[in-house]
Structure formats: C-alpha cells, structure tokens
1. Return the total of residues in the range 193-211 being of a type outside the set (A, V, I, L, M, F, W, C) and under 15 Å from Asn143 (Cβ atoms).
2. Looking at the range 205-239, which of its residues are charged (D, E, K, R) and surrounded by fewer than 22 Cβ atoms within 10 Å (Cβ to Cβ)?
3. For the range 92-132, which positions are charged (D, E, K, R) and more than 19 Å from Asp238 (Cα to Cα)?
4. Specify the residue that is farthest from the chain's Cα centre (by Cα); the eligible residues are those in the range 240-269 that are surrounded by fewer than 22 Cβ atoms within 10 Å (Cβ to Cβ) and outside any strand (DSSP E or B).
5. Just to be sure before I move on: is Val155 buried (at least 16 other Cβ atoms within 10 Å of the Cβ) and either modelled with pLDDT of 95 or more or touching a Cys at 6+ places or on another chain (Cβ under 8 Å) (or both) in the structure I sent?
6. Restricting to the range 111-141, name every residue that is of a type in the set (D, E, K, R) and either over 19 Å from Asn249 (Cα atoms) or buried (at least 16 other Cβ atoms within 10 Å of the Cβ) (or both).
7. Give the range 51-71 a look and list any residue that's free of Cβ contacts under 8 Å to residues at least 40 places away in the same chain and under 16 Å from Asn257 (Cβ atoms), or say none.
8. State all residues of the range 176-192 that are surrounded by 13 or more Cβ atoms within 10 Å (Cβ to Cβ), touching a residue at least 24 places away in the same chain (Cβ under 8 Å) and part of a strand (DSSP E or B); if no residue qualifies, say none.
Amino acid sequence: MNPAAQIAFRVAVAFVVLGLGGASVAAVVGLVLNNVGTAAAAKVSLCAKDAVAPAGGKDYLAQNNVWGADTPQCVTVGDQSLRIDSAGHDVSPEGAPAATPSLVRGCHWHECTDVGDLPVQVSAMPRITSDWVSRQVDTGIFNAAYVVWFHSGPVANGTPDSAEVVIWLRSRGGVRPGGTLLAGETPIAGARWNVWLDRDQGRVRITYERVGEVTSVRGLDISAFTQDSVGRGQISPDWYLIAVEAGFNLWRGGAGNEIQNFSVEVDGG
C-alpha cells in the first residue's frame with residue numbers, strides 16, 4: 001500500500017471507531033488523499049549553477065543555467081512554470097548575460113525531454129506553436145525571449161553546431177540584440193519584427209526583436225520564424241530543430257520574473 005493510501009486507511013479506521021457514517025468517512029478520506037497528492041507535487045528549488053529538473057512531467061525541463069558569471073541564483077520550478085527567487089547578477093549589458101533560467105522542450109545540450117516529435121528536420125517540419133505567459137518586473141537588466149536550437153544532426157551530443165533563432169519579446173534596461181540589423185519591421189506571426197544577424201561559437205544567431213513589447217503570447221508560430229530564416233539563407237533545410245526554450249537572459253538582477261505557463265505544440269506529434 002502506498003503512503004497516501006496508508007494515511008487515508010488509518011484516518012478512516014479512526015473515524016469508524018468514533019462512529020462516523022460511511023459518507024463522512026469517504027469525504028474525509030478523499031480530502032486526505034487530495035492533500036497528500038498536492039504535497040507530493042510540491043515545487044522544486046534549484047540553486048546550483050547547472051541544476052536541471054522536470055517541469056511538470058517528462059515533456060518539459062527547467063534549468064537554472066547560470067553560465068556567464070559566478071553570482072548566486074535560485075529558481076522555483078512548478079508544472080510548466082518557473083519563478084526566479086533570487087539573482088545576484090551585475091554584468092555589463094554590452095557582453096553576454098550572467099544566466100538564462102528557462103523551460104525547455106526537446107534537447108538542451110545533454111539534457112532531453114521525453115518527447116517523440118522533437119527533433120524534427122527542417123525540410124519536414126510541421127507547424128510548431130507555443131504559448132508563453134509571464135510576469136516580469138520593472139527592475140534590473142534582462143530580456144525575455146525564446147531560443148530555438150538547430151543542429152546538423154538529430155541528436156546534439158554537446159553544443160548545437162548550426163543555429164539559434166532568438167524570438168525576443170521584451171527587454172529592460174537598454175539591452176539590445178547583438179550583430180547586424182538585416183531588416184526592420186518584418187511581418188511574421190501576426191506582429192512586426194526587427195531581424196538581426198550575429199555569430200556565436202561558430203553558430204548563426206538570428207534574432208527577431210518584436211516591435212511593441214509583450215509579456216505573453218498565444219499560439220506563436222515557431223515554424224514561421226524558422227522558414228523566414230531558411231528564406232534568408234541562414235538555416236539549412238537539412239538541419240534539425242532540436243529544442244524550443246523560453247526564459248530570461250539576466251544581466252543585472254532578475255528576481256521576481258516568472259514563467260507562469262509555457263507549452264509547445266507540434267502538429268501531428
């Protein structure tokens with residue numbers, strides 16, 4: 001018998017001894033089981049720099065991901081949610097961020113979620129959409145962005161070697177995309193985007209900076225951004241989309257930012 005059932009059984013016996021009827025016992029047992037189940041699904045705190053944990057099942061991962069500094073950071077992980085509890089960062093916005101706490105579906109370096117519809121080859125990519133609801137603070141220096149990772153093969157045993165598509169929804173503190181501006185106010189997925197091109201560790205980085213900032217999106221068409229990059233000659237149809245990630249790049253502070261819900265849908269997956 002599992003622990004929850006054991007607790008419920010003992011409570012039931014106690015109330016029978018006291019003379020309560022069956023309906024009352026059933027109601028109390030249900031309440032106990034529900035409370036025990038809620039406790040078992042308690043949120044997880046991550047404070048180690050490279051700590052990773054499931055984020056509500058096998059389909060999503062959460063990562064603390066402090067990679068550009070040695071300053072402390074802790075996040076709380078829930079069901080497809082993540083909250084930044086503390087972040088002691090203070091690096092120059094002219095350089096790389098201190099950390100990228102985020103949620104992931106697919107494979108980020110050696111960590112993969114248990115899904116069968118990713119990776120997918122760009123030439124055979126179905127429609128891929130995402131919802132992301134966040135709460136963002138008005139202090140510090142950060143941005144809120146998707147990162148869509150591409151690799152030359154279906155599995156990346158280490159760093160993805162091909163491209164990253166950054167879908168930049170909002171920033172604070174004057175930080176801006178790096179690289180060269182390719183195009184301004186390009187219409188994609190129901191909004192307008194400034195398109196930037198940069199390179200990092202041999203990878204192409206294409207950043208789509210939204211014109212008019214938002215903190216939430218519904219049904220954002222990830223495949224539309226991929227096809228735009230293919231049309232610009234920056235992504236090969238032979239490459240593989242291996243992960244969709246959403247989170248915050250933090251340069252200064254960042255505590256209080258929260259991903260309240262994140263999901264990715266692959267048509268036919």
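The values are calculated or read from the model by the stated rules, or taken from the named source; none is laboratory data. Quick caveat, the model's predicted, so the values are computed rather than measured. When we count neighbours, we look across all protein chains shown, and the Cβ atoms used for this are built from the backbone with ideal geometry, even at glycine.
1. Total satisfying the criteria: 7.
2. Arg205, Arg210, Glu213, Arg218, Asp221, Asp228, Arg232, Asp238
3. Glu94, Arg105, Glu111, Asp114, Asp131
4. Gly268
5. no
6. Hits for the range 111-141 are Glu111, Asp114, Asp117, Arg127, Asp131.
7. Asn64, Val66, Thr71
8. Leu182, Thr186, Ile188
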